[in-house]
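Q: My questions will all concern the structure given below.
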Amino acid sequence: MTTDTSEPTAARSRTGTQSVDRAIAILRCFEQAPTLTPTQAAHRLDLTVSTAHRLMRALSETGLLGRDPATESYHLGVTTAVLGRVALERLGATAMRPALEALRDATGESVTLGVRSGDEVAILMQSPSPQPLRYDQHPGARNPAHVCSMGKALLAFGDPSLSRPEPYPRYTDATITTRAGLDAELARVRERGYALADQERVAGVRAIAAPVRDASGGVFAAVALQVPSVRFGDDRLAELAVAVTEAAARLSALLGAD
């Protein structure tokens, strides 16, 4: 007689999923920090140090993470860079770059392209303003959808739902923190065809965004101008609205939208 001491299938499945979830969470930590030790990752994710160390070592063996033996810290690896580049090319980065740069050159302001990631907007591409006073959003950065112009554009013309409960996090006195307030704002966005964020995340920064559609007609991304408020008074609103909506139309055409 033999006794089956193997782990039940359901338990193995849960364990495997947990490990994958934790590995993904570790990789996402590097969106906010260029290097991390296992101890730092463990503290960020409420893991044991031994679990973080095991997962980071496994990720480094695949090239998704790199390791500095002198400091025992990890950083994103070559495989991550390759996958990121492949993903950007699949999304049409090479084709879209000239349109983003043209918008920057026409307005003199920083341009970003972002996609929705849950309740956040993830920055895919940026063309920074040549001016010394500017607001940069580097690729990989994330913004809460309810406080940024790209998020409002994506919510207004795509799926408007958010999973986070009310009240939404407040960043400035201008932040919208209720669903009713957000719904009213999204109605205004749909009516005028572009979204505004008026110092709702960062005091002194205004932004304007429009949706970018793919070949299916769905909202794929949003393109935005982020401008210090000293250069974005109401006198520039019409100019920047035309610039960003025309850029969104050009980007949509590049992606095959009608």
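The values are calculated or read from the model by the stated rules, or taken from the named source; none is laboratory data. The structure presented is a predicted model; accordingly, all values stated were derived computationally and were not measured. All Cβ positions, even for glycine, are placed from backbone atoms using ideal geometry, and neighbour counts span all protein chains on display. Heavy atoms of the whole protein, side chains included, go into the accessibility calculation; ligands, DNA and RNA do not. Shrake-Rupley method; radii C 1.70, N 1.55, O 1.52, S 1.80 Å.
Q: So, in segment 67-86, of the ones that are among the polar types (S, T, N, Q) and out of contact with any strand residue (DSSP E or B) (no Cβ under 7 Å at 6 or more places or on another chain), which residue ends up modelled with the lowest pLDDT? So that I can check it myself, show each step before the final result.
A: Within segment 67-86, the first condition is being among the polar types (S, T, N, Q), and the residues that meet it are 71, 73, 79-80.
Subset that is out of contact with any strand residue (DSSP E or B) (no Cβ under 7 Å at 6 or more places or on another chain): 71, 79-80.
On the way: THR71: 89, THR79: 87, THR80: 84.
Of everything passing the filter in segment 67-86, THR80 is modelled with the lowest pLDDT.
Q: Residues in segment 64-81 that are open to solvent by 70 Å² or more (accessible area, probe 1.4 Å), out of contact with any helix residue (DSSP H, G or I) (no Cβ under 8 Å at 6 or more places or on another chain) and free of Cβ contacts under 8 Å to residues at least 12 places away in the same chain: how many?
A: Qualifying residue count, segment 64-81: 2.
Q: Is there a residue being more than 17 Å from the chain's Cα centre (by Cα), more than 22 Å from GLN32 (Cα to Cα) and modelled with pLDDT of 95 or more anywhere in segment 110-130?
A: Yes, the conditions are met somewhere in segment 110-130.
Q: Would a scan of segment 200-216 turn up a residue that is of a type outside the set (A, V, I, L, M, F, W, C), more than 26 Å from ASP136 (Cα to Cα) and either out of contact with any strand residue (DSSP E or B) (no Cβ under 9 Å at 6 or more places or on another chain) or loosely packed, with under 14 Cβ neighbours inside 10 Å (or both)?
A: Yes, because at least one residue in segment 200-216 is of a type outside the set (A, V, I, L, M, F, W, C), more than 26 Å from ASP136 (Cα to Cα) and either out of contact with any strand residue (DSSP E or B) (no Cβ under 9 Å at 6 or more places or on another chain) or loosely packed, with under 14 Cβ neighbours inside 10 Å (or both).
Q: Also, quick follow-up: Go through segment 130-150 and count every residue that is in a loop (DSSP other than H, G, I, E, B) and crowded, with 22+ Cβ neighbours inside 10 Å. Even if it seems obvious, please write down each step before you answer.
A: Residues of segment 130-150 that are in a loop (DSSP other than H, G, I, E, B), as a first pass: 130-141, 148.
This time we only want the ones that are crowded, with 22+ Cβ neighbours inside 10 Å, so: 137, 148.
Residues meeting the conditions: 2.
Q: Of the residues ALA95, ALA106, only one is touching a Leu at 6+ places or on another chain (Cβ under 6 Å) and touching a residue at least 60 places away in the same chain (Cβ under 8 Å); which? Explain how you work it out, then say what you get.
A: Values: ALA106 fails: touching a Leu at 6+ places or on another chain (Cβ under 6 Å).
Exactly one residue qualifies, and that residue is ALA95.
Q: Determine the pairs where a residue that is on the phi > 0 side of the Ramachandran plot, located within segment 146-161, has a partner that is at pLDDT below 95 and among the charged types (D, E, K, R) with Cβ atoms under 9 Å apart, the partner being 6 or more residues away or on another chain.
A: Short answer, once both residue conditions are applied: none.
Q: Could you look through segment 220-254, keep only residues that are of a type in the set (A, V, I, L, M, F, W, C) and open to solvent by 40 Å² or more (accessible area, probe 1.4 Å), and pick out the one that is nearest to the chain's Cα centre (by Cα)? Give the derivation first.
A: Here is the first cut: in segment 220-254, the ones of a type in the set (A, V, I, L, M, F, W, C) are 220-225, 227, 230, 232, 237-238, 240-244, 247-249, 251, 253-254.
From what is left, the residues that are open to solvent by 40 Å² or more (accessible area, probe 1.4 Å) are 220, 230, 237-238, 242, 249, 253-254.
Values: PHE220: 13, VAL230: 26, LEU237: 25, ALA238: 27, VAL242: 24, ALA249: 21, ALA253: 22, LEU254: 21 Å.
Filtering first and then ranking leaves PHE220.
Q: Still on this model: Of all residues in segment 39-63 being among the hydrophobic types (A, V, I, L, M, F, W, C) and under 23 Å from the mean Cα position of the chain (by Cα), which is most open to solvent (accessible area, probe 1.4 Å)?
A: The initial filter retains those residues of segment 39-63 that are among the hydrophobic types (A, V, I, L, M, F, W, C), namely 41-42, 45, 47, 49, 52, 55-56, 58-59.
So of that shortlist, the ones also under 23 Å from the mean Cα position of the chain (by Cα) come out as 41, 45, 59.
Values: ALA41: 1, LEU45: 54, LEU59: 16 Å².
Filtering first and then ranking leaves LEU45.
Q: Continuing with this model, one more query. Could you list, in sequence order, all residues of segment 72-101 that are over 18 Å from ALA221 (Cα atoms), in a helix (DSSP H, G or I) and of a type in the set (Gly, Ala, Ser)? Spell out the reasoning first.
A: Kept after step one, since they are over 18 Å from ALA221 (Cα atoms), are these residues of segment 72-101: 72-83.
Right, trim to in a helix (DSSP H, G or I) and you get 78-83.
Residue satisfying the conditions is ALA81 alone.
Q: Restricting to segment 102-129, count the residues that are outside any strand (DSSP E or B) and open to solvent by 10 Å² or more (accessible area, probe 1.4 Å).
A: Step one: filter segment 102-129 for residues outside any strand (DSSP E or B), giving 102-109, 118-119, 128-129.
With open to solvent by 10 Å² or more (accessible area, probe 1.4 Å) added as a condition, the list becomes 102, 104-108, 118-119, 128.
The total comes to 9.
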